[in-house]
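The values are calculated or read from the model by the stated rules, or taken from the named source; none is laboratory data. None of the values given here were measured: they were computed from a predicted structure. Here Cβ is always computed from backbone atoms with ideal geometry, including for glycine, and neighbour counts include all displayed protein chains. Please note that ligands, DNA and RNA were not included when accessible areas were found on the heavy atoms of the full protein model with its side chains. Shrake-Rupley method; radii C 1.70, N 1.55, O 1.52, S 1.80 Å.
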Amino acid sequence: MAAQLESLPVELVADVLGELDIASLITVSYLSRRLRAIASEPSLNPWRRPILRNLLSPDGAYEPALKHLSVRQTVPRQNWVEILTLGKAEYVLFEMTLPNLKEREWEECFRRRFLPGWMKWRKEGTWKAAFMKILHRVWHRSHSSCTAEEAWTHYIVLNRNGSANLHDASSRNYNPLTTFHEIKLQNNLAHLMTHARLVVEFKDVRIIALGVLSKPRSNFSINHNARLFLHPPGITKGAEEEPPSSGNVSDGSVESFQSALEAPVPVRNVLGNPRDLYRELVHPLPSRSHARYPFYTPGGEDKRWLGTDELEEGGRQWIGPMLVTAQLIGPQTKETVGDDPPLQDLDLLVGAGRSQYASLSWADLTAIAPWVEFTQLITGPGLGH
């Protein structure tokens, strides 16, 4: 049987090896020189599929063999970009043996896992030190109410006149529902219900938008940027809009991940086709539930499109300001509570694991929604005069 396997083309052998679990693949890679060479070849990379099956496992359980995989010389180094980007924070911090990567690879891990605005915490030192420091900080904050590392939380308000304000609030007391209720009072909208939408989810944080849905009496009260923020122009929920995979996770080759200096979205093209105008977001890398962001991701968790055409559900539109904030994802954040629809409105904001937030910056907003054009970006309250 082994002789028949080794007589196959190397591509087919790599496909067969990719169906094994990690422990079995480790064993097979040492059975012969040819199998070892195939397993070690970065362009074939049979390790990728079993590794991704672990990282994307619904129950979050990893094979024991993954823990010390970095000591195996037959495992191509590029696999660690995905493991460090998609792996559970506590697993990376406290359980697994870290690989020996180059600085550019640690930088790629940092840019894929964390929001661009978090680069301010790097300051001096190596990208590895920055990655581990921020990962520990995120893990600590998502598992406790400690705010010592970040006393002030920044959030962004999209105004109906086309401008946007970057505000801050005490991290210990910050509650986006309370903050947005004050905004509604200032805009004579307190009698209308607050609606929340999950914009995009990453490994450690998810972006949530709070706004007001209503049937406006005039176009003056409509917040056009709010709708553009949730619905990129030209993209719909229809199956015909699903783009070809652009490799949010590497395809196995050494140079498969983008340069950290490249802007992933959008790519402007005169053809006007959404598939030509946008690319899937890579820096940072969305979680599996939003893997095709900014395109629609099937599966039931991408709920940006709940209405039809130019209107939201019930024929309503976004009016007044919209608050955009970054919520840290903890062990209980995704547990459904109450009778509210999952992953929308109060289910996103009320309940265990939903009280810790991270700061959002202009760089983060640009990375998440580069297609939105603002008349003015204002740091702090006011009109920017």
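Just a few scattered comments:
- Residue 149 in contact with a His (Cβ under 9 Å, 6 or more places away or on another chain) and open to solvent by less than 20 Å² (accessible area, probe 1.4 Å): no
- Residue in segment 180-197 that is within 29 Å of residue 278 (Cα to Cα) and among the aliphatic types (A, V, I, L, M) present: yes
- Qualifying positions in segment 177-196 - closer than 17 Å to residue 164 by Cβ and open to solvent by less than 100 Å² (accessible area, probe 1.4 Å): 179, 180, 183, 187
- Filter pass, residue 377 being touching a Gly at 6+ places or on another chain (Cβ under 9 Å), open to solvent by less than 30 Å² (accessible area, probe 1.4 Å), more than 20 Å from residue 184 (Cα to Cα) and touching a residue at least 40 places away in the same chain (Cβ under 8 Å): no
- So residue 360, is it within 21 Å of the chain's Cα centre (by Cα), under 21 Å from residue 152 (Cα atoms) and in a strand (DSSP E or B): no
Residue by residue, here is whether (1) closer than 30 Å to residue 276 by Cα; (2) open to solvent by 10 Å² or more (accessible area, probe 1.4 Å); (3) outside any loop (DSSP other than H, G, I, E, B); (4) of a type in the set (D, E, K, R) holds:
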| site | (1), (2), (3), (4) |
| --- | --- |
| 334 | no, yes, no, yes |
| 341 | no, yes, no, no |
| 346 | no, yes, yes, no |
| 351 | no, yes, no, no |
| 355 | no, yes, no, no |
| 367 | yes, yes, yes, no |
| 370 | yes, yes, no, no |
| 381 | no, yes, no, no |
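- Just one of the numbered conditions (1) open to solvent by less than 40 Å² (accessible area, probe 1.4 Å); (2) under 30 Å from residue 106 (Cα atoms); (3) over 14 Å from the mean Cα position of the chain (by Cα) is not true of residue 315: (2).
- Per-region count, segment 24-55, residues open to solvent by 60 Å² or more (accessible area, probe 1.4 Å) and under 27 Å from residue 89 (Cβ atoms): 2
- Note on segment 148-245: enclosed strands (runs of 3 or more DSSP E) holding 2 or more residues that are free of Cβ contacts under 8 Å to residues at least 40 places away in the same chain and over 28 Å from residue 299 (Cα atoms) are 163-170.
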